[in-house]
Amino acid sequence: MSAYPNNIDTFRQKENLPGHPFDSANKKAFFVEDIQALESDVVAIESELGLNPSGIFDNVASRLDSFDLDIEQANYLKIIKALGSSIRLVSVGSGYQFSSFSSSSGSLRMSAIFVPRAMSFTGIAFSLLTPGVFSEDAFNGVGLYKIVGSNLVLVAVSANNANIFKGPSQSVVFVPFTSQFNAEPGVYFCAVLVHYISQTTVPVLGVQATNFSVVGLRLDFPSGVPLNIFLSGQTALSSSIPISSIGATGFNVWFGLY
């Protein structure tokens, strides 16, 4: 049985029968060298495709068929990567047109992000258009959630650090997780939470200028989760959030995974 696609195949050793050395001119006999050539081809193909090339799709063909839907974001990611950015993926939306919203205390915002294959991430980036001037309390930071059953489960989180919302202006803020996260293919939700007891200036974050009436909907997803999520009155990133308790929002926060 093949070990692929979870592992590259290996093959047992074989030998030709005694007294029957390899003879390339002999068209009626099958030699170990013939089998080894086929085995080498198999390993070469598997190595070229990589492990689990189907990702979350049923097969590689279905995954290839989906690529034309991602051309705009793929081009954007290629450009920023070529310019030296460490950002590897961005949240749902156009990826480069920005609007903004003011983040009130205790408001938890999430946006969906698609991970096409097994990847490792150091943290989350977001756009800070106007730095906040405030006295913090409770938790200030970012996290990453995944759908598990009927809940969103926290799989990676940053340290508590209100300074990430305090400047500089017109910047992309890179916030590391407490430890590297190794993601399997699938849909995740980047989350950001700001919490303060008093403020002079509310931090303003960047959102992607997409069709807000669409991105805020739950559509017909079996899980019932919306693409963009809003929860008020939060003091921390909960380890598990029932999907039935979350609200949809048209504010499509720009997030990057790096």
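The values are calculated or read from the model by the stated rules, or taken from the named source; none is laboratory data. Since the structure is predicted, the reported quantities are computational estimates derived from the model, not experimental observations. Cβ: placed from backbone, ideal geometry, glycine included. Neighbour counts: every protein chain shown.
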Problem - Test for Gly55: is it closer than 30 Å to Ala125 by Cα, modelled with pLDDT under 85 and not in a helix (DSSP H, G or I) - result: yes
Handout entry: Residue, farthest from Ser179 (Cα to Cα), within the stretch 150-169, restricted to residues that are under 19 Å from the mean Cα position of the chain (by Cα) and not polar (S, T, N, Q)
Key = Leu152
Handout entry: Conditions (1) within 30 Å of Pro53 (Cβ to Cβ); (2) charged (D, E, K, R); (3) modelled with pLDDT under 90: number failed by Arg218
Key = (1)
